[in-house]
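Student: The structure's right below; bear with me while I get my questions together.
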């Protein structure tokens, strides 16, 4: 009788030990499993100017004036002397700290460059980006001066230029502009910059005056 009880105790103890081992292994296995949620790629935070202060661009070579932000610089578009002579009003409003620029090019409306041709050329240049663009929105714009009108294009997606526009008085003057950044086009990474500097594009449009 004592032998039977002894064997039963041994059997129960072995079962308890086996069960304990099983529970330990189970806990270890479950603790090693972690839920994984893929993270979106992160981008550096950009500190934009807290205040926008504007100064005038008034060059005797150009038949227009406008205001641009003080954190920008005016740079000629080419180092070619002949080209600069032929196109003295092709230049960039550069944001050196933010690796961006607003490219501006002025053309006089005449028989060689009639208004409809200039508008079509501007349209073609904008819609070259449709391959990578998610959308292109057209918005009529108007300057503070009565005879300054045009179209602004917002280009969504991984396009090289997120904002483009043209302005004209429909008889003498035609000005085209494009906002670019010195980076591989990536909608997520440059979106904050496009949103911020779009305001400066709007101010240039509003402040343009022909002469």
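The values are calculated or read from the model by the stated rules, or taken from the named source; none is laboratory data. Everything numeric here is computed off the predicted structure, so don't read it as measured data. In this analysis, Cβ positions are derived from the backbone assuming ideal geometry, glycine residues included, and neighbour counts consider all displayed protein chains.
Student: Within region 155-211, can you find the residues that are part of a loop (DSSP other than H, G, I, E, B), surrounded by fewer than 19 Cβ atoms within 10 Å (Cβ to Cβ) and more than 13 Å from the chain's Cα centre (by Cα)?
Tutor: 170, 171, 172, 211
Student: Tell me, yes or no, whether region 102-118 has at least one residue that is closer than 20 Å to residue 67 by Cα, surrounded by 20 or more Cβ atoms within 10 Å (Cβ to Cβ) and in contact with a helix residue (DSSP H, G or I) (Cβ under 7 Å, 6 or more places away or on another chain).
Tutor: yes
Student: Against the condition modelled with pLDDT of 95 or more and touching a strand residue (DSSP E or B) at 6+ places or on another chain (Cβ under 9 Å), how does residue 177 come out, does it pass?
Tutor: Values: modelled with pLDDT of 95 or more: yes; touching a strand residue (DSSP E or B) at 6+ places or on another chain (Cβ under 9 Å): yes.
Against the criterion (modelled with pLDDT of 95 or more and touching a strand residue (DSSP E or B) at 6+ places or on another chain (Cβ under 9 Å)), residue 177 qualifies.
Student: Quickly run through region 120-144 and pick out the residues that are buried (at least 17 other Cβ atoms within 10 Å of the Cβ) and not in a strand (DSSP E or B).
Tutor: 122, 126, 129, 143
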